[in-house]
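> Okay, here's the structure, questions in a sec.
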Amino acid sequence: MNEEYAQDGSHFSVDGIIEELSLREKAGQMVQVALNTFDLEEIGWLFEEIGPGACLFPGAEPPIFDGDRIAGHLTRIREYNIEHSPAGIPIVVGVDAVHGNATVDGATVFPHNSGVSAARDPELLYEASESTARSLLEMGVGWNFSPSADVLRDPRWGRYYEGFSEDPFLTGEMAKAKIEGYESAGVCSCLKHFAGYSVPENGRDRAMANVSMRDLRSHIFPPFECALQSEPASVMANSGSVNGLPVHASKWMLTTMLREKFGFEGLLVSDWQDIARMQELHNYVSTYRDGVEVGVNAGIDMVMNPADPERFVSLVVDLVESGRISESRIDDAVRNVLRFKSSVGVFEDPYLERPHRDVRPRPDRAIARELAEQSLTLLKNEAETLPLGRDVGEIFLTGLETSDPSFVMGGWTLGWQGIGDGREIAASPDHTELGSCLERALHSEATVTTNALTFTQDADDNYDSYAIPDPDGIDRIASETDAVIVVLGEGPHAEDVGDRESIALPATQRRLVQKLAEATADDCPLVGVLVTGRPRGTARTFDRLDALLLAYLPGTMGGEVIADALVGETNPSGRLPFTWPKNEGRLPAYYNARSDGPFELSGLPDKPGRHPLYEFGHGLSYTDFEYRDVTVTPDTVEDPSVRDMVTVTLTVENTGERYGDRVVEVYAKPAHGDVIHPRRRLLGYDRIGLEAGECEKVAVPVHLRRLEVVPGDILGTEPKVVEAGEYALEIGDQSSSLTILSSAPAGAERSEGI
Ligand code: BGC
């Protein structure tokens, strides 16, 4: 069969192929098998007997880490599949290259998503994603399980850093940029995890989510709706349950909302073993057979690693023959699979060799550097402790071991749980090391002494175990140096292994900061550098520090950008994409909650104890900016369904003494209407760069969709509208107002409810 379409793509017809396939062969196309080895002696039978539609390297971990050799092995596997599988249909291969192609030795690793959105620069993210895609194509992979559009809510959750923000629109825009970057370079993206995965009730991975319809439609769906406008080739379903149903069993979620309402036309893939999870995790069905039935009927087209692929295929055949699944549903699923494969390009070029000939040189390190640099967020800087300057003298660098790249890379890097997944491996991503970068950034007479914590993964898979190797040495050195830099954070982790009960830093790190604060002289700056993709650390630790720089999980260029920011070669400009609560007892804490929430959620200002440690959008600079002349055009909108955009303009001046980038943000305060409005909402932003004394007029476009709410009573099923009222807009310390005269959906074409 391959002969016909491989030679001449123009004669290719998906329906033509479907007509020729047996039911068993169709069921095979719905299977995605995991490749833990390239040894055909071991895995050849899968192709002979199942004829799977796709393969994957789970957990960002191919069987080997050499990109060229991976490409060679994949060619052999593809050849074997075409020759030996029942229908000879080419396979596609998927991988989790979620922050660069961090699956191969020498990879350029970009910051993980929570850092990326601190930079507020979707164009740059687009470039990073394009670069990731080219690297994937070089090794013969045309499908990336990225991006995640899961809105952030709970920092205890082990996957927090994989999401962009707690703001739905920021998340949606970033996810969109990634999709467009991947797909423009010829790699199919996979928007995940649709939907409600990131709000597990107790902060534990894959725990149940209970989400009101209003919250679902106001916060959880919007990033997906936004990202779906870029037409990602595939979507992955959420493995958790929402409101009492596993999402893999929810026809409303997967078909009514995803396809009919949001217009998705691509491939819907399950997450890892999630058909089996309906029985084993959710206790929703009593047999695997029932799981297959409800999952396929709900809309799943392809099943990622069904624990027993042969059984899955036989069950699909049996369920169709016994009338439990219609053959037309199977045909629809296979049509989505084959169309998807066609967009990966495997019908024209089953070996995906064509792109290899078209690889242009990539300025990967430059993009990785810019993205990491823009994301750096200065949380605290008492008495202008930072920058240290290049003449600081002797620096003592302690805390996490900066020569170990695992910390700045995080999970999903040459292994699921981070580099080597707990094993020693020979491969490593491209890496810049903070100690040597500091030495380079300082004047030659300056010195850097290091004494790092040792990090161990203990028997309970606790990635937060550390020891201070030489406590007395630390006291002595700290008391004799001119500046102390302590690197704090957490070890690499992924999924449930990274779930934490506390947001405080690990005890050893807290003790270390205490010791350092006691040992250092009053005039010796004690600077914290945080390497974490989520809020970790509390005031008890941070109060002891003079300055605190958050680097998130910055990847390859982490060491270099941190060093440059510390000495003042560059000026931090990132803004927090999430709220930093005082402690986990204050959860949930998200800035755009309804304005009646207690504690961090409260709209009531100035009550002691009610504010988070750091607000969403917080981020200091080494220079000062002044805003003036704010106007909103138009400042009155008669009907948001006719006019759905306004523009906020203002003048920004750098009133300090050095160059700085500034992310200008526009927020809305609540108006009064049919429902309680969120206490603050980010309406728009722009990143500019200003020399000392320079002024710039900035225009921030605002789509009124960002002001929509779900009106009506508690059910939350009515069409969304921008409610009539007067909205105060906040731009730094300035404000202006926007009046909406009639309640209507923003934009004409979207008026349906549920
Ligand atoms: C994760 C997905 C990932 C898949 C493949 C699952 O456990 O939930 O995000 O794409 O594994 O590695």
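The values are calculated or read from the model by the stated rules, or taken from the named source; none is laboratory data. All values reported here derive from a predicted model rather than from experimental measurement. Every residue, glycine as well, gets a Cβ built from its backbone with ideal geometry; the counts of neighbours run over all protein chains shown.
> Any residue in the stretch 739-749 that is of a type in the set (A, V, I, L, M), assigned to a loop (DSSP other than H, G, I, E, B) and buried (at least 19 other Cβ atoms within 10 Å of the Cβ)?
Checked the stretch 739-749: at least one residue is of a type in the set (A, V, I, L, M), assigned to a loop (DSSP other than H, G, I, E, B) and buried (at least 19 other Cβ atoms within 10 Å of the Cβ).
> If you don't mind, there's one more thing I want to ask. Restricting attention to the stretch 291-310, which residues are away from the ligand (no atom under 16 Å from the Cβ) and either aromatic (Phe, Trp, Tyr) or at positive phi (or both)?
Within the stretch 291-310, just GLY299 meets the criteria.
> In this structure, is SER218 in contact with a helix residue (DSSP H, G or I) (Cβ under 6 Å, 6 or more places away or on another chain), at pLDDT 95 or above and either more than 16 Å from the ligand (Cβ to nearest atom) or in a strand (DSSP E or B) (or both)?
No; evaluated as a whole, the condition is false for this residue.
> Could you check the stretch 162-176 and list, in sequence order, the residues that are part of a helix (DSSP H, G or I) and within 13 Å of the ligand (Cβ to nearest atom)?
GLU162
> Answer with yes or no whether ARG78 is away from the ligand (no atom under 16 Å from the Cβ), among the basic types (Lys, Arg) and under 18 Å from the mean Cα position of the chain (by Cα).
In short, no.
> Could you look through the stretch 121-161, keep only residues that are β-branched (Val, Ile, Thr) and outside any helix (DSSP H, G or I), and pick out the one that is modelled with the lowest pLDDT?
Step by step, filter the stretch 121-161, then rank; the result is VAL141.
> Check off (1) closer than 18 Å to ASN592 by Cα; (2) surrounded by fewer than 19 Cβ atoms within 10 Å (Cβ to Cβ); (3) within 16 Å of the ligand (Cβ to nearest atom) for ARG204 and give me the number that stays unchecked.
Every condition holds for ARG204 apart from (1).
> One residue is enough: does the stretch 215-227 have a residue meeting the conditions of a type in the set (A, V, I, L, M, F, W, C) and over 17 Å from ILE754 (Cα atoms)?
Yes: the stretch 215-227 contains one or more residues that are of a type in the set (A, V, I, L, M, F, W, C) and over 17 Å from ILE754 (Cα atoms).
> Name the pairs whose Cβ atoms lie under 8 Å apart, with the first residue in the stretch 187-211 and without any contact (Cβ under 8 Å) to a residue 12 or more places away in the chain, the second more than 12 Å from the ligand (Cβ to nearest atom) and not in a loop (DSSP other than H, G, I, E, B), and 6 or more positions between them or separate chains?
GLU201/ALA209
> Could you list, in sequence order, all residues of the stretch 503-560 that are modelled with pLDDT under 95 and assigned to a strand (DSSP E or B)?
Of everything in the stretch 503-560, nothing turns out to be modelled with pLDDT under 95 and assigned to a strand (DSSP E or B).
> Another question about this same structure. So for the stretch 635-644 (the condition being crowded, with 18+ Cβ neighbours inside 10 Å, modelled with pLDDT of 95 or more and in contact with a Phe, Trp or Tyr (Cβ under 9 Å, 6 or more places away or on another chain)), does at least one residue qualify?
The answer is no, given that none of the residues of the stretch 635-644 is crowded, with 18+ Cβ neighbours inside 10 Å, modelled with pLDDT of 95 or more and in contact with a Phe, Trp or Tyr (Cβ under 9 Å, 6 or more places away or on another chain).
> Let me ask you something else. Assess whether GLU183 counts as being under 13 Å from the mean Cα position of the chain (by Cα), over 19 Å from ALA237 (Cα atoms) and surrounded by fewer than 24 Cβ atoms within 10 Å (Cβ to Cβ).
No: the conditions fail for GLU183.
> Step by step: first the residues of the stretch 561-601, then only those that are among the acidic types (Asp, Glu) and not in a loop (DSSP other than H, G, I, E, B), then the one that is farthest from THR103 (Cα to Cα). Which residue is that?
Once the filter is applied, the top-ranked residue is ASP596.
> On to the next question. Here is a list: VAL698, VAL675. Which entry is assigned to a loop (DSSP other than H, G, I, E, B) and more than 14 Å from ALA746 (Cα to Cα)?
Selected residue: VAL675, the only one of VAL698, VAL675 that is assigned to a loop (DSSP other than H, G, I, E, B) and more than 14 Å from ALA746 (Cα to Cα).
Let's see how each residue does on (1) free of Cβ contacts under 8 Å to residues at least 60 places away in the same chain; (2) assigned to a strand (DSSP E or B):
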residue: SER230; (1), (2): yes, no
residue: MET236; (1), (2): no, yes
residue: LEU254; (1), (2): no, no
residue: GLU260; (1), (2): yes, no
residue: ASP290; (1), (2): yes, no
residue: VAL294; (1), (2): yes, no
residue: ARG311; (1), (2): yes, no
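> TYR197 - would you say it is out of contact with any strand residue (DSSP E or B) (no Cβ under 7 Å at 6 or more places or on another chain), within 16 Å of the ligand (Cβ to nearest atom) and part of a helix (DSSP H, G or I)?
no
> Now for a different question. For the stretch 234-257, which positions are over 18 Å from the mean Cα position of the chain (by Cα) and either within 14 Å of the ligand (Cβ to nearest atom) or buried (at least 24 other Cβ atoms within 10 Å of the Cβ) (or both)?
Within the stretch 234-257, SER241, PRO246, VAL247, HIS248, ALA249, SER250, MET253, LEU254 meet the criteria.
> Also: Give the number of residues within the stretch 105-130 that are closer than 13 Å to ASP430 by Cβ and crowded, with 24+ Cβ neighbours inside 10 Å.
Residues flagged as closer than 13 Å to ASP430 by Cβ and crowded, with 24+ Cβ neighbours inside 10 Å within the stretch 105-130 amount to 4.
> Just to be sure, is GLY28 over 21 Å from LEU137 (Cβ atoms), under 32 Å from the mean Cα position of the chain (by Cα), at pLDDT 95 or above and away from the ligand (no atom under 16 Å from the Cβ)?
Answer is yes for this residue.
> Given GLU501, GLU433, which one is within 30 Å of SER198 (Cβ to Cβ), among the charged types (D, E, K, R) and in contact (Cβ under 8 Å) with a residue 24 or more places away in the chain?
Result: GLU501 is the single residue among GLU501, GLU433 that is within 30 Å of SER198 (Cβ to Cβ), among the charged types (D, E, K, R) and in contact (Cβ under 8 Å) with a residue 24 or more places away in the chain.
> Another question, if that's okay. Looking only at residues that are buried (at least 21 other Cβ atoms within 10 Å of the Cβ) and of a type in the set (D, E, K, R) in the stretch 258-288, which one is nearest to the ligand (Cβ to nearest atom)?
By that ranking, first place goes to ASP271.
> Counting just the residues of the stretch 93-120 that are in a loop (DSSP other than H, G, I, E, B) and among the polar types (S, T, N, Q), which one comes out nearest to the chain's Cα centre (by Cα)?
The qualifying residue nearest to the chain's Cα centre (by Cα) is ASN101.
Let's see how each residue does on (1) surrounded by fewer than 24 Cβ atoms within 10 Å (Cβ to Cβ); (2) touching a Leu at 6+ places or on another chain (Cβ under 6 Å); (3) among the hydrophobic types (A, V, I, L, M, F, W, C):
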position	(1), (2), (3)
ALA521	yes, no, yes
CYS524	yes, no, yes
VAL531	no, no, yes
PRO535	no, no, no
ARG544	yes, no, no
PRO554	no, no, no
MET557	no, no, yes
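> Please specify each residue of the stretch 81-114 satisfying the condition of being farther than 21 Å from VAL187 by Cα and either of a type in the set (Lys, Arg) or within 16 Å of the ligand (Cβ to nearest atom) (or both).
The answer is SER114, and nothing else.
> A follow-up question, please. For the stretch 136-160, give me the residue count where each residue is within 13 Å of the ligand (Cβ to nearest atom), touching a residue at least 60 places away in the same chain (Cβ under 8 Å) and in contact with a helix residue (DSSP H, G or I) (Cβ under 7 Å, 6 or more places away or on another chain).
The qualifying residues number 5.
> Still on this structure, please answer the following. If LEU56 satisfies every condition in (1) within 16 Å of the ligand (Cβ to nearest atom); (2) not in a strand (DSSP E or B) but one, which is the exception?
LEU56 satisfies all of (1) within 16 Å of the ligand (Cβ to nearest atom); (2) not in a strand (DSSP E or B) except (2).
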